[in-house]
1. May I ask you to list the residues in region B:404-424 that are surrounded by 20 or more Cβ atoms within 10 Å (Cβ to Cβ) and either in a helix (DSSP H, G or I) or touching a Leu at 6+ places or on another chain (Cβ under 7 Å) (or both)?
2. Which one of A:Ala401, A:Ala406, A:Ala378, A:Ala389 is away from every other protein chain (no Cβ under 11 Å) and crowded, with 24+ Cβ neighbours inside 10 Å?
3. Taking helices (runs of 4 or more DSSP H) that fall entirely within region B:217-308, which contain at least 1 residues that are in contact with a Cys (Cβ under 8 Å, 6 or more places away or on another chain), under 28 Å from B:Pro356 (Cβ atoms) and not assigned by TED's automatic domain parsing to the domain that holds B:Pro336?
4. May I ask you to say which residue of A:Leu334, A:Leu328 is surrounded by 15 or more Cβ atoms within 10 Å (Cβ to Cβ), assigned to a loop (DSSP other than H, G, I, E, B) and either within 14 Å of chain B (Cβ to nearest Cβ) or at pLDDT below 90 (or both)?
5. Limited to region A:314-325, what total is found for residues that are crowded, with 18+ Cβ neighbours inside 10 Å and more than 7 Å from chain B (Cβ to nearest Cβ)?
6. Quick test of your reading of the structure: B:Ala206 fulfils all but one of (1) modelled with pLDDT under 90; (2) under 20 Å from B:Gly312 (Cα atoms); (3) small (Gly, Ala, Ser); (4) within 27 Å of the chain's Cα centre (by Cα). Name the failing condition by number.
7. Being surrounded by fewer than 21 Cβ atoms within 10 Å (Cβ to Cβ) and within 11 Å of chain B (Cβ to nearest Cβ) is the filter here, so list the residues in region A:134-161 that pass it.
8. Just name the residue that is farthest from A:Ala406 (Cα to Cα) out of those in region B:119-147 that are over 22 Å from the mean Cα position of the chain (by Cα) and more than 9 Å from chain A (Cβ to nearest Cβ).
Amino acid sequence: MPASWSGTGTAEAAVWGLCAGSGSKPYRTVVDTKGPGYQCACPSRKFPCKHALGLLLLWSEAAGGAVGPAVAPDWVTEWLDSRQERTRAAAAGPAKPADPEAARRRAERRAQRVTAGVTELEQRLTDLLRGGLAGADREGYQKWDEIAARMVDAQAPGLATRVRELGAVAAGGGDWPSRLLEESALLHLLTRGYLGEQRLPGPLAATVRTRVGFTTDAAELLAGPTVRDRWLVLSQLDTSDDRLTTRRIWLHGARSGRVAMLLSFGAAGRAPELALPLGLSLDAELAFHPSARPLRAVLGESHGPAAPGPVPAGVPVGPALAAYGAALADDPWLDAWPVVLSGVVPIPGSDAGGWQLADADGQDALPIAGRGPWRLAAVSGGHPVTLFAELGHTGVRPLTAWGPDATPVPL
Amino acid sequence: MNASWTDLVGSALLGTDRRRPPASGGPHPALDPATELLDAAAIGTVSRRAGLRPAAARERPAPAAPDGRPVLPEAARRRLGLLLADRSAGGGSSGRRGTAPNLAELLPQWLAAAGRYGYAAPPALLPDLLDAARARTDLRADALALAGPRALWLAELNPEWRFALRAGVRGLEPAAGDPAAIRQLWDEGLFAERVALLTRLRGQDASAALALLRSTWTGERAEDRLMFLDSLRAGLSPADEPFLEQALTDRSRNVRATAAELLSALPGSALAARMAERARSCVSLGTGENVAGIGILVEAPYECDAAMERDGVAPHPPTGRGERAWWFGQLVEAAPLATWTARFGGRDPEEIIALPVADDWQPDLHAAWCRAAVRQRDPAWARALLGPPPAPASPVAAVGDPAKLLSILPEEERAEWVARFIATHGLSEAFQMLGVCAVPWAGPLGRAVVDALDIARDAGSYPWSFSGVMGLAERCLDPAEAERLTVLTAATEEPDDGSPGAGSYWAEAFQRLVGTLRLRAVMLAELEPPAPAAPAS
């Protein structure tokens, strides 16, 4: 134990200690490993601060007894209690808006704007088809960006994103007329769906609203029904553009068999706060966003510590493709559906075609989308693996593989 | 795509004003053709996607051969991932590194150390490892040894990694064992691969390598012959003499010169005897006008005859050098050093070098002896020519290239000499010499380098004037020195006449040095196999 630390201890999920810093009083540092959450008296703006990290390092060597069990002092229990209070308050439901009437008016104004935007987009699409797509591949992005900007103004960011993608499809070469018609038609389906929302069943209406760009408050969701399960972390994937880092975490419920996706965001170049290591299994509550095909969820309360999880159970190629088809029937705007495949081998691309993912025994195969999946090939070595992937109409996108040693490998 | 989808795309391209879409049976038949087209396309798209069927699997690859070697310890596996990631992030070359260790430069050391344990690389890291080996040929042997059979399996599938099949070849062990594979690579390989094969084979079975080279010798291009001949340097023996004698008549002058050089490194060769005869006739012991007492008298050759030329003597001196001195130097360089002990009445190398030389011939004679000592790898002569490290004010090297002479000496002696040199001369001339010292540096050498760096800092110069030595120190200092170095990482007061800001840059450079040394210690410790678990009772 380094001399700078004193009064360290651990009880349940909390670890604490006093660290002598440059000031006269030692810093009180406490970590809730369940959250995780950190609290330290130091003035550092880094989060977690170096004291919290140092404490965790000491604790991680606990096999050697660096941080032993102890009775939590008052300053620790006070912080833990206040933390629990906050969690409970969040779970109990959002604070009611100060003025329900004003909130209702705001919602109404937004609905009007969105409706106007959707109507305009529908008009643009039919105009486009009336005049013909020919030449769209040489027109550049400007036209699409302008329409996208109109959709942002109309407070329909979901439509804006899809419109921008139309520009990319048109400029993408290959069989662009066919793909542009597909994507335009799906966008048309969405605008028609939104305009006829009242006649849709509830879950489908929720899907349409989400796709158009309406969001649901996380606290509001957690106040509703939650699904408790042992959730295995299947994948954690960061993507970033110049404004935002987006992290997708996929979870697989051991009892329910459901797959869930958690989204979190960080400023450009910075990691989002939520981090769940690949292969971890946690007993937790999830609240799903309402949808005809629920997938996106928010993480609620955790029960007990997380532990390394097993290799998830998977299905062969045929049933995986059927699952994608069924999901598409519920939500036709899905780009891909997450699936766990087991007993599959990657087949390298050749003159006869691109890479395939095939059942180890059987004749079924799927195309593998994207660049050569060399890491997957290396993990497989020609032997069957378990694979978590997104399955879409262009093929599978491999995300995580479990080889014979049962260790998850991000791809 | 079915016919009706093709029709829809056709209408969409031309526009429904020009071409009405086929009747779709969609929900809004009467509305307007464009809406009708979009409705039909939406239905078509979703039903096509939702109804996708599996494709027919092509032929599966044969599974990779099993790899029975032990897996890397977990910490070492993570370390390898980091070292490889730093490489692909463009680590080594980009600008100032601050206090962060240069991970890419540690990769060769890590691979060499891991190789000594016989671990298998984790499959997931094989693509990165192969990419690293592709980019840096100096990593290939160690990287491919670690990568094992699955890397070869991958290399069969990816053209970018083909080098692994040829260079690392189906083994790193195969060479002597598989004559057919060797023959195929020799006949079909790229030039670099053939050189690598020849060099490796030469290390295992010198005569087999010679036979391989002779089998195609006359058909090789002149530049290639030169490089191939050069790879005979290792494992040179009298058995090579007939072939080398033959090469003295090669069409290419460079090949002839190299053959002569190799022959002269064989003291028992006929060429060495001829050169000894020529050199002896130019040098005698006696009393001359300009020599006090007894000394060496030199009578340089007056011509370069055809026989000399055939034995590799270059007839035309570089600009600024006299012909006779030029020829003389080449004769002495190629003559066996034992010649001189016999010539000078049984004197040993020290005594011979101490002899005065008449008429300003000493620099030429001694320089030629230096080259001869290096070529014949004669430690006694190298030691005598080096002498003790020169005194502070005197020139760095009395004669010849000290780094080359040092490389002939035993490791310990080499390190000690360089340590004493640095103690008197500092670091500015030491880079080459440090480069020939064994890694990790011996204690006294390491301390001398660190002391010299400390002195350079106190003198107020900038650390990047010493970046070459710093980089070497990061890789070559014994990690155990890290603790002793920690005191240097604090920023110091700058001397009044020092360069502005140098103090903090030095602190940074020393922090990186200490950080790198610690990292090396940690990464080597991570490779230790875990202690076997006590058997359950």
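1. Kept after step one, since they are surrounded by 20 or more Cβ atoms within 10 Å (Cβ to Cβ), are these residues of region B:404-424: B:405-406, B:408, B:414-415, B:417-419, B:421-422.
The answer is B:Leu405, B:Leu406, B:Arg414, B:Ala415, B:Trp417, B:Val418, B:Ala419, B:Phe421, B:Ile422.
2. On the way: A:Ala401 fails: away from every other protein chain (no Cβ under 11 Å); A:Ala406 fails: crowded, with 24+ Cβ neighbours inside 10 Å; A:Ala378 fails: away from every other protein chain (no Cβ under 11 Å).
Matching residue, one of A:Ala401, A:Ala406, A:Ala378, A:Ala389: A:Ala389.
3. Numbers: elements: B:222-230, B:241-247, B:253-264, B:270-282.
Helices (runs of 4 or more DSSP H) meeting the threshold: none at all.
4. Details: A:Leu328 fails: assigned to a loop (DSSP other than H, G, I, E, B).
After applying the criteria, what remains is A:Leu334.
5. Matching residues across region A:314-325 total 4.
6. Going through the list (1) modelled with pLDDT under 90; (2) under 20 Å from B:Gly312 (Cα atoms); (3) small (Gly, Ala, Ser); (4) within 27 Å of the chain's Cα centre (by Cα), B:Ala206 breaks only (2).
7. The answer is A:Ala134, A:Gly135, A:Asp137.
8. B:Tyr119
The values are calculated or read from the model by the stated rules, or taken from the named source; none is laboratory data. Just so we're clear, the structure is a prediction, and the values are computed from it rather than from any experiment. FYI the Cβ positions are ideal-geometry reconstructions off the backbone, even for glycines, and counts take in every protein chain you see.
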